[in-house]
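Before any comments, here is the structure.
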Amino acid sequence: MAENKKKDQIQEKETEIQEKEPYDPWQDMREILVPKKKNGDQESIYCAVNGRSYLVPCTGRPQKVPAPIYEVLINSQLLQDEADERAKKEADKLKRSMAEVNLK
């Protein structure tokens with residue numbers, strides 16, 4: 001009797017799962033702020049994921065983009081920040097070494 005109850009519960013759960021619509025990340029819109037670019041820079045950012053492409057305008061206002069594009073833009077910004085930080089450290093290191101050479 002207990003086994004039948006468990007089987008019925010499992011079947012109910014499986015039916016519930018099957019009836020739910022599958023998650024489509026392209027329908028999941030997220031908001032991201034893409035800063036306005038300086039004069040001469042690109043007006044939009046081209047981004048492509050799994051054969052789908054998207055142009056995100058650089059307006060300085062929040063934009064709604066699909067979840068996969070959002071993730072790419074966030075990762076891109078994080079990597080750019082890291083690269084800028086490393087470049088700054090290397091520039092400071094070069095300045096210090098140039099100052100030491102000039103002192104000698």
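Here, each number is a calculation from the coordinates, and none is a lab measurement. The shown structure was predicted, so the numbers you read here are calculated from the model rather than taken from an experiment. Don't worry about glycine lacking a Cβ; one is built from the backbone with ideal geometry, like all the others, and counts go over all protein chains shown.
Miscellaneous remarks
- With both labels modelled 7 Å from their Cα along Cα-to-Cβ, the LYS6 to LYS36 distance reads 6.5 nm.
- Phi-based couplings in Hz for segment 57-70 (Karplus 6.51, -1.76, 1.60; Gly and Pro marked x): x, 8, 9, x, 10, x, 10, 8, 9, x, 3, x, 5, 4
- Cα-centre dipole for the chain with unit charges at Cβ (Lys and Arg positive, Asp and Glu negative), debye to 20: 740
- Binned Cα-Cα distance frequencies in the chain - 5 Å width, integer %: 2, 10, 11, 13, 10, 8, 8, 7, 8, 7, 5, 4, 2, 2, 2, 1, 1, 0, 0
- Shown in residue order for segment 76-90 are the 3J(HN,Hα) couplings computed by the Karplus curve 6.51 cos²θ - 1.76 cosθ + 1.60 at θ = phi - 60°: 4, 5, 4, 5, 5, 4, 5, 5, 4, 5, 5, 5, 5, 4, 5 Hz (x for Gly and Pro).
- Between the amide H of SER44 and those of CYS58, distances stay under 5 Å, these residues lying 5 or more places away or on another chain, with hydrogens modeled in the peptide plane.
- Lysine pair count for the chain with Cα-Cα distance under 20 Å and sequence separation of 8 or more or different chains is 5.
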